[in-house]
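The values are calculated or read from the model by the stated rules, or taken from the named source; none is laboratory data. Everything numeric here is computed off the predicted structure, so don't read it as measured data. Here the Cβ positions follow ideal geometry from the backbone for every residue, glycine too, while neighbour counts run over all protein chains shown. Remember, those area values only see protein heavy atoms, side chains included, never the ligands or the DNA or RNA. Shrake-Rupley method; radii C 1.70, N 1.55, O 1.52, S 1.80 Å.
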Amino acid sequence: MRYLIVVFFLIAPFLAQAVEPDEILQDSALELRAREISRDLRCVVCQNEDIDSSNAGVARDLRIIVREKLVAGDSDQDVLDYVQAKYGDYVLMSPPLNTRTLALWFAPPILAFIAFIVGFFVLRGAGRSRATNDLSEEDEAEVSRFIEAHKSEDQS
Amino acid sequence: MKRAFAIVPLLVAGIFGGFFLWGLNPERDPNGIPSVLISQPVPKFKLEPVEGLETLGLSKADLTDNSGPVIVNVFASWCVPCRAEHEVLTKLVERDGQRLFGINYKDKPKDAVRWLEQLGNPYERIGSDITGRAGIEWGISGVPETFIVGSDGTVLYRYVGPVVGEAAIAKFRAALVQAGTLKGASGE
Amino acid sequence: MTPEIGHFALALALAMAIVQSVLPIWGASRGNVLWMQSARWSSLGQVIFVAIGFGALMQAFVTSDFTVKNVVNNSHSLKPLLFKVAGTWGSHEGSLLLWVLILTVFGAAVSVFGANIPETLKARTLSVQAWISVGFITFMLFTSNPFDRVFPPPMDGQDLNPLLQDVGLAMHPPLLYIGYVGFSIVFAFAVAALIEGRVDAAWARWVRPWTLAAWMSLTAGIALGSWWAYYELGWGGWWFWDPVENVSFMPWLMGTALLHSAIVTEKRGAFKSWTILLAILTFSLSLLGTFIVRSGLLTSVHAFAVDPERGMYILGLLAVSIGGSLALFAWRAPMLEAGGLFKPISREAGLLVNNLILATATGVVLFGTLYPLFYEALTGGEKLSVGPPFFNSAFIPLMLPLVFVMGLGPYLSWKRADLAGVLQRLRFVAVLSVLATLAVWFLTEGGPVLGYLSVLLAIWLFAATVREWAMRVRLFEVPFPESRRRIRNLPRSSHGMSMAHAGLAVAMFGFIGSSVWKTEEVVFVKPGSEISISGFDVTFEGVERARGPNYFADRGSLTVRRDDKFITQLYPERRTYPVAQSSTTESDIRTTFAGDLYTSIANPASEEAGAEGAWTLRILYEPLVVFIWIGTTMLVLGGGLSLSDRRLRIGAPRRKAPEPIISPAE
């Protein structure tokens, strides 16, 4: 399997952020949108890079397609939908918000909330004095007698 | 109360551990991406023939009305593993009577023609995808990739990487059997 | 012959580790002093034998002994000597050996330098350390033997990945491992304390130096990795939320929480369970990192070769160590006595908030990193990506409140703080922060609100920290010699705290400047082309061929001017390593405090441009990025200052004096 992966990915390792001058759009506002969208698109042959950062052939093709679509008037969401239709959820750097990714998107606020609750209760309880292990009255008496009885020994 | 809290980390660790165990399954390929195309109709595309080749070009229409499932192979002359795969595919055509179509991905026509002259041309039709746009329509991430397309144009199977080596060939053949275009070893 | 000696030495080390796993801890429960003290000899034995093994592997690399498979896979005769040496730990097997070496060194250090630790605790700790040792050495010997031979030996090796042939990156693993291993010692202390059934302020004090050393090293290792990525990968980024980066970051977050929690346990006897749990979790996260990097569970730029068999073994290790320690925790922690009381506004409360935020952040990063795995398992094979957009949106909002509390914390006194007084003292700092942020807003040409909010908090942290330190030494309030006297008499750990907190603020300036206000130009250039960026005028002079010991290079020459004045000449390169068959980009950077001018060249992807003889030139201007490295250095220095505190060396008092009800604010 390792052989296949090495042989299959005929790409040089990490090179410069790979947007090429001939890809950059004249309209800088559109180019800015293209960059934003590209940050959300994963290069499918690389490990964890977005298409702007990868010099894989597929990444370049996708960069060009993104820009073509923007020039043609598509909205940001249209472009993302198009690529997602071809490559699946995996190509999106931020997973889409649907029932199956709810757990992921809600994890941060839920964890924060749990931390808050824990903090609240600990702080509330930390100020109160704890129940002391008081001796019962008879034990108290017995202890005092014991001390009295052995006081003389202490002095020696 | 304290005891209940103290056991939480252990429980969480246990759950994570279960997932890790699952994740280590040797069958699992952490780099593989499932194709969105499976069970979907073939994407819309129309490719001209490779310049200099007599073989006809390839488009969606050629894949939607066939008598049985066919193989669509994405290849290029600059792709080293495609060479070894070529032999396997040729055998499937000549010995097992499979129908083979090709997409010549981002290849200079001259190079492709020379490559096919050298190795032989088992393809019924070849579409010339110089820009790579058709490849994107098929959701490929590189070459080679091979698809099994049903008689009505539904994508049945996708194989990423060269169909080379016993394991890969066996897997691909099993998929062909399942598609119904290849007789199984036990005569299914 | 030497590799066989190395192999044999490892087997001997394993034998010693097995002895140390059993004898001292048994001796501790039976009160047998001889058995407990055997730990000293077995730990020294372990370190000697593992060092022999390590030396043998290093020798194989240095002499380019290609009968050893590990050397073949990771070295080449033409490689510079420094990288031959570094190749020793550049592979999975070699890095494991380094891990074990550091582990045994630390173990020996505990036995030799831990003179003031009670015998039973020390013995139990060393036994736990030996269990870890046994786990890793057997893992090495049975699945990842660095001394495997290959016959017949090839003419030459396959060379080390050229990306790794770099000084910065050569030091990155050792520093990280010192961090992880240091936390394993703290883990051992925690488990030993749970077994003993006693955690007290003295325990926290003994643990502190090890925690500090580990934390310092981990900070340095992570920073070094980031710095390397910054100048080597070619696009000026320094953090990518890659799974392997995340798994080194999580122990750091937990380790920071541990450091602070241990302070509370030491000073007030509170947070005992928290501190123990944090000690266990920090090391558990390091182990998790080891697992993820070496088992092929997740895709990552970093991962070593995929091998599920190794993965199973490590998972087994994880199950025993993490499962075992957490089970022990679940059983024994409720028995630990509660500590000192404190009010909701107090230093303890501040540190509690600190720990909760760090724990939440760790949880978020953990969940995000592992989610693709959970998703794949639960949906039967579908894949998902969780990338930087998610992590940034989740992590940054957690960190900002933390930074605020960090500025506030040192002003709070233990047990019960006077909030009104604290706010009074901070009024000046708050006003200053707002004014300074407004100044930044005027100077910059706009940016996201989050950017300015971060700037505000970074300034707040810096100003609050500096002011608190100044107040402590009564700077400008009393004659300078008096202040100087106070500085000298203040415990080093106070200086350490101020330095570290200020360091984080400084680093934040770097984080914010380089990400929010970065500018970039990407153009095709031919000799004579000119580009302007951020007030600089850059002329591309051309490219010439150059040569290194094991590579060829195309070296570009750039003349940088500002307002017609010559500033500097920069030489970015594209290197090709014929043996490894890959290329790297070597950027050239001009660094000033104001920002980095970052240049790199590449062959154009477009064929027409390439045919014309053009090159793709990429120039980035990253404001303030150098402060990231300055700030993280300050963090490490702060840790070092605390570590050198005299009180840590004296150790806990021999007889436990009754704890005063009210401690002076520190």
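One table, with the values for the structure above:
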{"quantity": "Per-q log10 I(q)/I(0), the stretch B:50-101, q = 0.17 Å⁻¹ (Debye; single scatterer per alpha-carbon; no solvent)", "calculated": "-0.66"}
{"quantity": "Dipole magnitude of the stretch C:1-117 about its Cα centre (Cβ charges: Lys, Arg +1; Asp, Glu -1), debye to nearest 20", "calculated": "140 debye"}
{"quantity": "Descending principal axes extents, the stretch C:567-633, alpha-carbon based, whole Å", "calculated": "43, 29, 19"}
{"quantity": "Part-to-part distance (alpha-carbon centres) for the stretch A:69-86 and the stretch C:108-153, which is given in Å", "calculated": "55 Å"}
{"quantity": "Quotient of Cα Rg and 2.2 N^0.38 Å for the stretch A:50-129, N being how many residues it contains", "calculated": "1.84"}
{"quantity": "Residues of the protein assembly as shown: accessible area per residue with a 1.4 Å probe, Å²", "calculated": "43 Å²"}
{"quantity": "Members of C:Lys518/C:Lys565; B:Lys44/B:Lys108; C:Lys84/C:Lys122; B:Lys106/C:Lys84; B:Lys44/B:Lys106; A:Lys69/B:Lys171 lying beyond 29 Å, as alpha-carbon distances in this model show", "calculated": "C:Lys84/C:Lys122; B:Lys106/C:Lys84; A:Lys69/B:Lys171"}
{"quantity": "10 Å binning of all Cα-Cα separations within chain B, expressed as whole percents from 0 upward", "calculated": "9, 33, 30, 11, 7, 6, 3, 1, 0"}
{"quantity": "Pairs of Cα atoms farther than 15 Å apart, the stretch B:51-157, %", "calculated": "60 percent"}
{"quantity": "Shape box of chain C [Cα atoms, principal axes, largest first, Å]", "calculated": "81, 73, 58"}
{"quantity": "Packing-based order for C:339-346, C:522-529, using average beta carbon neighbours within 10 Å, highest first", "calculated": "C:339-346, C:522-529"}
{"quantity": "Angle in degrees between helix B:109-119 and the longest Cα principal axis of chain B, rounded to the nearest 10", "calculated": "90 degrees"}
{"quantity": "Cα-based Rg of the stretch C:1-90 normalised by 2.2 N^0.38 Å, two decimals", "calculated": "1.44"}
{"quantity": "Listed residues C:Leu96, C:Gly168, C:Asn73: farthest to the positive end of the dipole of the stretch C:65-183 (Cβ charges)", "calculated": "C:Leu96"}
{"quantity": "Whole-number D in µm²/s for the stretch C:407-461 (Stokes-Einstein; Kirkwood sum over Cα pairs; 20 °C, 1.002 mPa s)", "calculated": "172 µm²/s"}
{"quantity": "Relative pair counts by distance (%), Cα atoms of the stretch C:1-154, 10 Å bins", "calculated": "13, 39, 26, 15, 7, 1"}
{"quantity": "C:Glu530 paired with A:Asn98, simple spin-label distance in nm, labels 7 Å along Cα-to-beta-carbon", "calculated": "5.4 nm"}
{"quantity": "Cβ neighbours within 10 Å from other chains - mean over B:133-146", "calculated": "4"}
{"quantity": "Bridge type composition, the stretch B:66-148 - antiparallel percent by DSSP, nearest 5", "calculated": "30 percent"}
{"quantity": "Sorted largest first, extent of the stretch C:326-480 alpha carbons per principal axis (Å)", "calculated": "70, 56, 26"}
{"quantity": "Average beta-carbon neighbours from other chains, 10 Å sphere, peptide C:354-364", "calculated": "5"}
{"quantity": "Interface area, A with C, accessible, probe 1.4 Å, both sides summed, Å² nearest 100", "calculated": "4400 Å²"}
{"quantity": "Neighbouring partner chain Cβ atoms per residue of A:42-54, average, 10 Å criterion", "calculated": "5"}
{"quantity": "Alpha-carbon gyration tensor eigenvalues x 5, square-rooted, for the protein assembly as shown, Å", "calculated": "55, 35, 29"}
{"quantity": "Centroid-to-centroid separation of the stretch B:103-163 and the stretch C:353-425 [C-alpha atoms, Å]", "calculated": "48 Å"}
{"quantity": "Extension gain (nm, one decimal) between C:Asp563 and C:Phe8, 0.36 nm per residue minus Cα-Cα", "calculated": "193.1 nm"}
{"quantity": "Estimated dipole of the protein assembly as shown in Debye, rounded to 20 [Cβ of Lys and Arg +1, of Asp and Glu -1, Cα centre]", "calculated": "3820 debye"}
{"quantity": "Relative pair counts by distance (%), Cα atoms of the stretch C:65-146, 10 Å bins", "calculated": "17, 36, 25, 16, 6, 0"}
{"quantity": "Alpha-carbon gyration tensor eigenvalues x 5, square-rooted, for the stretch A:14-80, Å", "calculated": "19, 13, 9"}
{"quantity": "For peptides C:227-235, C:419-427, C:144-152, sequence by mean Cβ density within 10 Å, most packed first", "calculated": "C:227-235, C:144-152, C:419-427"}
{"quantity": "Counting DSSP beta bridges with both ends in the protein assembly as shown, the antiparallel % (nearest 5)", "calculated": "85 percent"}
{"quantity": "Sequence ranges C:66-74, B:62-70, ranked by mean other-Cβ count within 10 angstrom, highest first", "calculated": "C:66-74, B:62-70"}
{"quantity": "Taking N as its residue count, the alpha carbon Rg of the stretch C:301-412 over 2.2 N^0.38 Å", "calculated": "1.47"}
{"quantity": "Charge-dipole axis of chain C as Lys and Arg at +1 and Asp and Glu at -1 on Cβ define it, positive-most pick from C:Gly114, C:Ser606, C:Ala319", "calculated": "C:Gly114"}
{"quantity": "Positive-end extreme of charge dipole, chain C - chosen from C:His260, C:Ser454, C:Leu281 (charges on Cβ)", "calculated": "C:His260"}
